[in-house]
Amino acid sequence: MATVSNFKRLPANAAAEVCIWVEGQPVTAREGESVAAAVLAAGLGPTRTTPVSDSARSPYCMMGVCFECLMEIDGQANSQGCMTAVEEGMQVRFQRGIRAVPADTDTEKSTEKEAGENR
Amino acid sequence: MMSAAAKMGRVEADITVIGGGLVGLAVALGLQDRGLRVAVVDEGDLALRASRGNFGLVWVQGKGDTCPAYARLSRRSARLWGDFAAGLQESTGIDVQLTQRGGLFICLEQDELQKRVDMLESMRRQHDGDYPFEVLDPAALRDKEPAVGPTVAGATWGPEDGHVNPLLLMRAMVQRFLDAGGQLLTDGPVERIESHNGAFRLQGAGWTRETGRVVLAAGLGNKSLAAQVGLNAPLEPNRGQVLIAERVQPLLNYPNGHVRQTAEGTIQCGDSKEDVGFDCGTTTEVEAAIAARAIRMFPALEQVRLVRSWGALRVMTPDGYPIYQQSESHPGAYLVTCHSGVTLAAVHAGPIADWIAGENNAGELELEVFHGDRF
Amino acid sequence: MNHYDLAIIGAGPAGMAAAVTAAESGLQVALIDEQARPGGQIYRNVGSPALRQREILGPDYYAGERLVEALDHPQITDFSGAMVWEVRTDTLCLTVDGQSRQIGFQRLLIATGAQERPVPFPGWTTPGVMTCGAAQIMLKTSGLAPNGPLIIAGSGPLLLLIACQLSRAGVEIEALLETTPRRRYLESLSAWPGALRGWRYLLKGASMLAELRRRGVKHLTGVSQLRAEADAEGQLCGLSYHRGGHQQRLDCATLLVHQGVVPNVQLSRSIGAAHDWDEVQQCWRPRLDPYGETTQAGVFIAGDGGGIGGALVAELQGRRAANRIANQLSRLGATEFEHRANSLQRQIDFQLAIRPFLDRLYRPADEFLRPSDETLVCRCEEVRAGEIRQLARGGCAGPNQAKAFSRAGMGPCQGRLCGLTVSQLMAEASDRPVAEVGYYNIRSPIKPVTLGEVAGLAADQDQQPQAPQIAEPSAVSNYQRSVSR
């Protein structure tokens, strides 16, 4: 994982600081920015390896088109890092190869939810 | 690629197959194996192509409950599939990812399971006890398929079922057909078939070609073509919607009638039966219902992302069974149509091709059962 | 399900202007955008910009402020942070915080703008290679700029603009490499009359060039054969290129590439609207009537999604479409409608006068349209140009067959980054026009969506599904994330 960032922060208007966790290490981000931007600012990456050849990738377009910045964000695999805003305490993991599916298939999920609650 | 001469209809072919989907190509490969020079006339890139939208099952259990000959044909094809796939791999290097380790049909409700068991038991009686299947209660099902959800009623297990990658299958068949010197013409569709002097003239928009014999394997297009050579093909489209999700790590051990995982890791969910005419789109309601059912079967799928959806049109006769028939009024014209182009591919490339090539095996194939005159 | 007179997808200049115009005519408007804040890409975050120094991005960016302010209108319902994943003729499905819902509409305006043209060349997937648009978004939303050896390479107005903006921010640029083929300067001469009408744009271009010279940015023209090089860890470490008859190489940690922008046609294709191949802009554009209505009645497009015109044109087209819709829905009389339409059309024509010149000058070099065999075309499924060419020569009927055979276009980006290239490679290899070769069938979902989100609509229907054997739908949908908020 790279340690020195290839990006720097320019003098910015005031915005709250948000702490997120990337691969278990704390990263300070700026409220309103994307996970992908925070990860690049911290000099972390590559952010995934591909399912086909395990080759390294990092954010490319930053506007939701290329899907190179897929990461596991708060347990959600294949989330678009550039389209997800940072939130305090967010847990970000880099994916290696094909995404996993949650192993736990136990009871609470499938049927008990009330119909119509998501209207 | 098509040569200019082929376009002008001057290139000789002993037999022309109309339709370059799974059915037409399988027959074409079989005819090539028997030494015939074969041309395939196909539509372009946007054809209503069931071969591209199908589910990839090489499936036996429950097929032919009201037609024992069809049950026998499906099982025969399943048995021939291993050699068929191996032959494709040998000649093209493409592994079509055939696995035949058994398949599940998962039932959500007890009465649904009971109906299915009753059906399979009656089939077993029809086949004098030679019809293998097992009934799995939820615990036995979970042993086979640990990802299954807590609220399913159970499943039936068919040891002869399996699946294949239908896209790689298409690719391998096209490649093998071309490598063996087949002519693939993508100028279709064929609009008219005329017979003269014991041969046929095929006519499309801006082209004609002569052929000694002709096989109608044009899916839904067979309906109007068959009538032109004295055959009856009362086919209607029946839409099946397929949801295709992203690649995930291995989750499912076996294919089942509703959800399967391909060798690449992609998850496919299907299928619906809708009588919607020639509309290969999808509808939100059916997509949602398919997704909800898939999640109930396998709760882990809730977080898996759908990447695309397909509405493919099944080619259905009124009773759902195939038509295989040579025209009496136009000898040399054959009709081959079915909705299980994947399962039956091996039989199409084998015994059905033998029959068209002139071997006297119609009786052994029980083809009189599959004549279009039955409607 | 809530119903609106007009649903607008995309809150960039076209969508924002249309929303306000429609709302002022009394229409109930739903304004939907995937971002948390309006602005689109061009005015991204303009309501709360990250950078303290306004000079860096310049006045053209802050011009978006007035559009954002005008959105505060009671007739406009704001769906921000909403991902649209399916569009039908009278309803659409979207997801907010992992919860899906449907909304109904009488008219739909697609204002999803442009995406940067895919720039395939050997090594373009290497971490450290990004687009110029990506660099701008980082400036606008995070005040983040490349640090360490930076190369900017490509062609088009945005290339010069981002170089100026980064330079103003104090970022060192090792080199600005221009890939515009020299003959394009000749080819664009025929479009000079229009260019002179659009003299303001010419002046902007000239002043950007002057600014780069003044700031001492090394600006090299006539560059070709880009190849990104990776170090042992796979990270970008250099760029080799061809110039002046020699192969050359520069170290870099970041490479920003750009070859212009093209309409984002995923949505318009998914609803089956007709599209035509634009030979000059080398892209597909939806077929529109003079007010932006597609061949699907009731569905309109405004802004760059209907053909590249830039932010000012987008805004005017948004107003034009909104007026037409208000007129169709009997909220705007014929006389007033025609008066406004004529005035808007004159302004649009004036703003578009420069386009034929820019389109000809900045038509990408062939190596980016039809890359070498070794180049990855489909980044998701890792399919190379050579395989697509081989399929086309083998009689593959078109891009959809090629997709089925090679998996190109089957990954999560759904063909956004390979579709244009695959069509162009197949056209070349089979010696047919691109218009005849066609494009991928684009189907719902427009963006990947979880099965849980799709299933969430099963309980949301008024009717039972037609499929009899499908078990009763259960309401299953949510991301744990949205619950934990």
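Here are the numbers for the structure shown:
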item	result
B:Gln249, sole failed condition from (1) closer than 27 Å to A:Pro51 by Cα; (2) crowded, with 21+ Cβ neighbours inside 10 Å; (3) facing another protein chain (nearest Cβ under 8 Å)	(2)
Lone qualifier among B:Gly219, B:Gly240 - being touching a residue at least 40 places away in the same chain (Cβ under 8 Å), crowded, with 21+ Cβ neighbours inside 10 Å and within 14 Å of another protein chain (Cβ to nearest Cβ)	B:Gly240
Residue in region B:140-159 that is surrounded by fewer than 23 Cβ atoms within 10 Å (Cβ to Cβ), more than 23 Å from B:Gly56 (Cβ to Cβ), touching a residue at least 24 places away in the same chain (Cβ under 8 Å) and of a type in the set (A, V, I, L, M, F, W, C) present	yes
Wholly enclosed helices (runs of 4 or more DSSP H) of region B:120-229 bearing at least 1 residues of a type in the set (Phe, Trp, Tyr)	B:166-179
Check on B:Leu185, touching a residue at least 12 places away in the same chain (Cβ under 8 Å) and over 27 Å from B:Gln97 (Cβ atoms)	yes
Boolean, C:Glu428 is acidic (Asp, Glu) and either assigned to a loop (DSSP other than H, G, I, E, B) or farther than 30 Å from B:Gly93 by Cα (or both)	no
Residue match in region B:144-166 (condition: within 14 Å of chain C (Cβ to nearest Cβ), within 21 Å of B:Gly44 (Cβ to Cβ) and touching a helix residue (DSSP H, G or I) at 6+ places or on another chain (Cβ under 8 Å))	yes
Residue among C:Pro290, C:Pro356, C:Pro364 that alone is touching a residue at least 24 places away in the same chain (Cβ under 8 Å) and either assigned to a helix (DSSP H, G or I) or assigned by the TED database to the domain that holds C:Gly415 (or both)	C:Pro356
Filter result for B:Ile267 (in contact with a helix residue (DSSP H, G or I) (Cβ under 7 Å, 6 or more places away or on another chain) and either without any contact (Cβ under 8 Å) to a residue 40 or more places away in the chain or outside any strand (DSSP E or B) (or both))	yes
Test: B:Val174 is buried (at least 23 other Cβ atoms within 10 Å of the Cβ) and within 11 Å of chain C (Cβ to nearest Cβ)	yes
Yes/no for B:Leu36 being modelled with pLDDT of 95 or more and buried (at least 24 other Cβ atoms within 10 Å of the Cβ)	no
Hits in region A:8-41 - residues which are in contact with a strand residue (DSSP E or B) (Cβ under 7 Å, 6 or more places away or on another chain), surrounded by fewer than 21 Cβ atoms within 10 Å (Cβ to Cβ) and either more than 10 Å from chain C (Cβ to nearest Cβ) or within 25 Å of C:Leu376 (Cβ to Cβ) (or both)	A:Glu17, A:Val18, A:Cys19, A:Trp21, A:Glu23, A:Pro26, A:Val27, A:Thr28
Number of positions in region C:420-456 that are closer than 17 Å to C:Ala273 by Cα and within 20 Å of the chain's Cα centre (by Cα)	9
Selection count where residues are within 11 Å of chain A (Cβ to nearest Cβ) and surrounded by fewer than 24 Cβ atoms within 10 Å (Cβ to Cβ), scope region C:99-116	3
Candidates C:Asp278, C:Asp289, filtered to the one that is among the charged types (D, E, K, R), surrounded by fewer than 23 Cβ atoms within 10 Å (Cβ to Cβ) and touching a Phe, Trp or Tyr at 6+ places or on another chain (Cβ under 8 Å)	C:Asp278
Test: residue in region B:200-212 that is within 14 Å of another protein chain (Cβ to nearest Cβ) and crowded, with 17+ Cβ neighbours inside 10 Å	no
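Residues are listed down the side, and each one gets a yes or a no for (1) more than 14 Å from chain C (Cβ to nearest Cβ); (2) surrounded by 24 or more Cβ atoms within 10 Å (Cβ to Cβ); (3) touching a residue at least 24 places away in the same chain (Cβ under 8 Å):
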site	(1), (2), (3)
B:Met297	no, yes, yes
B:Ser309	no, yes, yes
B:Val315	yes, yes, yes
B:Cys338	yes, yes, yes
B:Trp355	yes, no, yes
B:Gly358	yes, no, no
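Table: residues versus (1) at pLDDT below 95; (2) within 30 Å of A:Ala42 (Cα to Cα).
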{"position": "C:Leu109", "(1), (2)": "no, no"}
{"position": "C:Leu160", "(1), (2)": "no, yes"}
{"position": "C:Cys164", "(1), (2)": "no, yes"}
{"position": "C:Val171", "(1), (2)": "no, yes"}
{"position": "C:Leu189", "(1), (2)": "yes, no"}
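The values are calculated or read from the model by the stated rules, or taken from the named source; none is laboratory data. Keep in mind that this is a model prediction, so the values were computed, not measured. Neighbour counts are summed over all protein chains in view; Cβ atoms, including those assigned to glycine, are modelled from backbone coordinates with ideal geometry.
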